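Just below is one structure, and these are the notes that go with it.
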Amino acid sequence: DNLAAPAGVERFPVKDRASWLALRKQDVTASVAAALFGAHEYTTHYQLWALKAGLLQEDPEETPPMVRGRLLEPVAIDLIAERNATWTVHQPQAYYRAKRVGCTPDLFATDPLRKGFGVVQIKTVEPSIFRKKWRSEDGAVEPPLWIAIQALVEAKLTGAAWASVAAMRVGHGLDLDIIDVPLHDGLWARLEQEVAAFWRSVESG
């Protein structure tokens, strides 16, 4: 059952934005987990600490990129399904948490060529940013590290067997790349250690 949480993981249906934000306050969420490694593009380790310690307040308003992502997510899902006709996809619309790490996965998918189900993290990316930050020197498409870590966290918390990042760009048409993200057990183990140390630091001041 793709909707069932793995053992030791709590699952909460997302009913509205206010309750969802309240759930996120008590955890390091997948979207900022890379900050614990100093690898997040927009959030530092100290900013995350100050936020969880109550020294900063999270802005309840959506930024323009967040609005773009929310409004274009249904389009991206339709495009993913169209480009992968053998997949079955659905939105879990739930928040998963364990050991004070949490996530809200965008999409679950089953692929008949792979065992189990996968989690797909959707990003809508401005085309020039995609060219600058998503392409390696040899031209291969690679998600930024903080986004790959986000997908890893979502896979581990939901029990997914595989994870991908889907990057959609809107220009004269719609471009979409789906990139598989390796599920490194060593990185997950280190993240669990960093999360535990982070919350000890917050609680001790």
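The values are calculated or read from the model by the stated rules, or taken from the named source; none is laboratory data. Just so we're clear, the structure is a prediction, and the values are computed from it rather than from any experiment. Backbone-built Cβ (ideal geometry, glycine too); neighbour counts: all protein chains shown. The accessibility values were calculated without ligands, DNA or RNA, using every heavy atom of the protein model including side chains. Shrake-Rupley method; radii C 1.70, N 1.55, O 1.52, S 1.80 Å.
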Normalised contact order of the stretch 113-171, rounded percent, pairs of Cα under 8 Å and 6 or more residues apart
57
Nitroxide proxy distance, nm - points 7 Å out along Cα→Cβ at A161 and E192:
2.2
For the stretch 3-102, dividing by residue count, accessible area per residue (probe 1.4 Å) in Å² works out to 59
Mean-square fluctuation maximum in Gaussian network of the chain, Cα pairs under 10 Å, restricted to D138, D27, D177, hits D138
Explain nothing, just compute: Karplus ³J(HN,Hα) = 6.51 cos²θ - 1.76 cosθ + 1.60, θ = phi - 60°, for every residue of the stretch 96-105 in order, whole Hz, x for Gly and Pro.
10, 8, 7, 6, 6, 10, x, 7, 10, x
Dividing the mean separation of Cα pairs under 8 Å (6+ apart) by the residue count of the stretch 1-114 yields a relative contact order in percent of 35
Quick one: which residues, 5+ away or cross-chain, put their amide H under 5 Å from the amide H of T124? H built at 1.01 Å from N.
M168
Counting other Cβ atoms within 10 Å of each Cβ, which GluC sites (Glu not before Pro) in the stretch 1-95 have at most 14 and sit in a DSSP loop?
E41, E58, E61, E62
Any idea what log10 I(q)/I(0) is at q = 0.13, 0.16, 0.17 Å⁻¹ for the stretch 80-172, Debye with uniform C-alpha scatterers and no solvent?
-0.49, -0.72, -0.80
If exposed means trypsin sites (Lys or Arg not before Pro) lying in a DSSP loop and surrounded by at most 16 other beta carbons within 10 Å, then the longest stretch of the chain lacking such sites spans residues 116-205
GNM on the chain, Cα springs under 10 Å; top mean-square fluctuation among A81, A22, A50 goes to A22
Nearest 10 degrees, 0 to 90: helix 145-158 Cα axis against the chain principal axis
80
Carbon/sulfur fraction of accessible area - the stretch 34-73, other protein chains in place, 1.4 Å, %
59
What number comes out for the charge environment of V89, summing +1 per Lys or Arg and -1 per Asp or Glu over other residues with Cβ under 13 Å away?
-4
extent check for the chain: Cα max minus min per principal axis, descending, whole Å, gives 50, 38, 35
Starting at the first residue of the stretch 178-188, write each ³J(HN,Hα) from the Karplus equation 6.51 cos²θ - 1.76 cosθ + 1.60 with θ = phi - 60°, in whole Hz, x for Gly and Pro.
10, 10, 6, 10, x, 9, 6, 4, x, 5, 5
Full-extension gain in nm, D175 to Y46, via 0.36 nm per residue minus C-alpha separation:
42.9 nm
Relative contact order, percent, of the chain when contacts are C-alpha pairs under 8 Å separated by at least 6 residues?
24
For the chain, with +1 on Lys and Arg beta carbons and -1 on Asp and Glu, the positive-most of L72, L107, G205 along the dipole
G205
Can you list residues whose amide H is under 5 Å from V181's amide H, if they're 5+ apart or on another chain and H is modeled 1.01 Å from N?
A163, S164, V165
Across the stretch 192-198, in residue order, what do the Karplus-derived ³J(HN,Hα) couplings come to in whole Hz, using 6.51 cos²θ - 1.76 cosθ + 1.60 with θ = phi - 60° and x for Gly and Pro?
4, 5, 5, 5, 4, 5, 4
Taking the Cβ-Cβ separation of L71 and A39 as r and a Förster radius of 35 Å, what is the calculated FRET efficiency to the nearest 0.05?
0.80
What number comes out for accessible area per residue over the stretch 105-155 if the probe is 1.4 Å? Units Å², please.
45
Given charges at beta-carbon only (K, R positive; D, E negative), |dipole| of the chain in Debye
320
Pick out which of S164, S128, S31 has the largest mean-square fluctuation in a Gaussian network model of the chain, springs linking Cα atoms closer than 10 Å.
S128
